[in-house]
1. On C-alpha positions alone, give me the angle between the axis of helix 132-173 and the longest principal axis of the chain, in degrees, nearest 10.
2. Restricting the calculation to Cα positions, tell me the Rg (one decimal) and the Dmax (whole number) of the stretch 173-249 in Å.
3. Quickly estimate the mean residue ellipticity at 222 nm for the chain, helices only: each DSSP H run with n ≥ 4 gives -39500 (n - 2.57), and the total goes over all residues, rounded to 500.
4. Would you report the distance distribution of C-alpha pairs in the stretch 78-163 as whole percents per 5 angstrom bin, up to the bin with the largest distance?
5. Ordered by residue, what ³J(HN,Hα) values in Hz, to whole numbers, does the stretch 321-327 give under the Karplus form 6.51 cos²θ - 1.76 cosθ + 1.60, where θ = phi - 60° and Gly and Pro are x?
6. From Cα pairs below 8 angstrom and at least 6 apart in sequence, can you work out the relative contact order of the stretch 10-92, rounded to a whole percent?
7. Show me the ranking of peptides 242-248, 259-265, 343-349 by mean Cβ neighbours inside 10 Å, starting with the highest.
8. Going by a 4.7 Å Cβ-Cβ cut-off, which cysteines of the chain have no partner at all?
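The values are calculated or read from the model by the stated rules, or taken from the named source; none is laboratory data. Since the model is a prediction, treat every value here as computed from it, not as a measurement. No Cβ is skipped: glycine too gets one built from the backbone with ideal geometry, and neighbour counts run over all protein chains shown. SASA here: full protein model, heavy atoms, side chains in, ligands and nucleic acids out. Shrake-Rupley method; radii C 1.70, N 1.55, O 1.52, S 1.80 Å.
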Amino acid sequence: MLLCIGVSLLFLLFAGNKEADGAQTRATAAWNRVVPLIRQGPLPSVLTQGRVEAIQVVNSRGQVVAATPQLVGKPPMADFHSTNSNVRAARVLCPPAGLQGCMTVASYKVYQPGGVWLLYVAVRVVPWYGSTTALLLAIGVSLLVTALMTAWSFRDLTKAMAPVNAIRAELAEITATALDRRVPVPRKYEEIKWLAETVNDTLDRLEGAYQQLRRFTSDASHDLRSPITAMRAQLEEALMHPQGTDWPKMTVAVLAGVDRLQAIVSDLLTLARLDARAPLSREPTDLGQLVSAELDRRTYRMMIVKDLRQGVVIDCDRLRITRVLVNLLDNAERHASSQITVTVLADGTDAVLEVVDDGAGVAPEHREIVFDRFTRLDASRDRDAGGTGLGLAIAREIAEAHGGTLTIQDSARGARFVMRLPRRRGRQDAPKVSGHSGKLGGS
């Protein structure tokens, strides 16, 4: 559209210049025709108009001696002439004397023996667009070109929107029961092709997340149903045989089931908050000091070997990092043979926490699976009755929420869990305490 307007303006400017040149040519032609009559005679009192609007001849005494019919008997149409060596001068008069409308009046000097005569030639003022015909032509061509371009664009846009409509229609039919469907990918129109591929990639991730959610829901339902079923059976049997029931023993068993339900529900709520990206209460923390305080606070069944470097400071949520340590220790304690080693050290820009047990270890092909929620392995590291199956998943989520990682790495014996977190930059302002390394035995 802008290109069409620009071309039209250029055309009108060209037409205006050409028309102005034509007007000057007509005035020059009238001059060429009348000047010989003035100099050589005979000069008629009434001149033919020709292709100009009006002509007047004024003698040296200012008297009109010849004119075109509309100016016969009228005073000079203008009173100016060139004041230098040029014989021609021109002005726009609105209107010239004896005429109507604005006109360009050219004044020519004609040297005669008795003095200088003046020849006035009037032509219509040429507008910048030249003529009405040129203006109408430019408008017509512009409208025609605009209409053609609009029709072509509409046709092309309609063709381009066809795959978009197909994508929209397919997306409208995809529901939770049909996540395996994908939108069509067009061969033409690279941008729409990229859009379709991006939508399909998103659907792939959505399908994977939905399948994971279904497995998670199924596993959670199973883990919640099992203790409920056991408690219900115990209570029903006690009600059927109240006299023969050891009520204190039965109560202890039911409370154990309640504790397990509470642990599962607590872990599920923790995962829900982590999935919702709840904000962290970060503060500068000496990781070695934090781990040492937690190890000193609890009693363990296994021997704990500590190698805790002080001055390894991180910005973290202390409660959540403590939860990672507790989960790793609980997992190691369930599978260790006799000893657990806890290490804190600095590795470049990372703070590293390692928890290593001397148990059977985790096979390389299972090192990622164990971080899935409610994971069950057939090996010796399968969850025992005291676990919820969510501890390692929670630990990894917390590590990733802090911008770190939690992985299982190679070790000489047992499982070696390694958490890496970004260290705090600049001078460390965390409180300094005297750490100690050694062995802590638990009953």
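1. 10 degrees
2. According to the Cα coordinates of the stretch 173-249, Rg and Dmax are 25.2, 82 Å.
3. -16500 deg cm²/dmol
4. All Cα pairs considered, the percentages come to 3, 12, 13, 12, 9, 9, 7, 6, 6, 5, 5, 5, 4, 3, 2, 1, 0, 0.
5. Going residue by residue, I get 5, 4, 4, 4, 4, 4, 4 Hz, with x marking Gly and Pro.
6. 18 percent
7. Going by the mean number of other Cβ atoms within 10 Å, highest first, we get 259-265, 343-349, 242-248.
8. C4, C316
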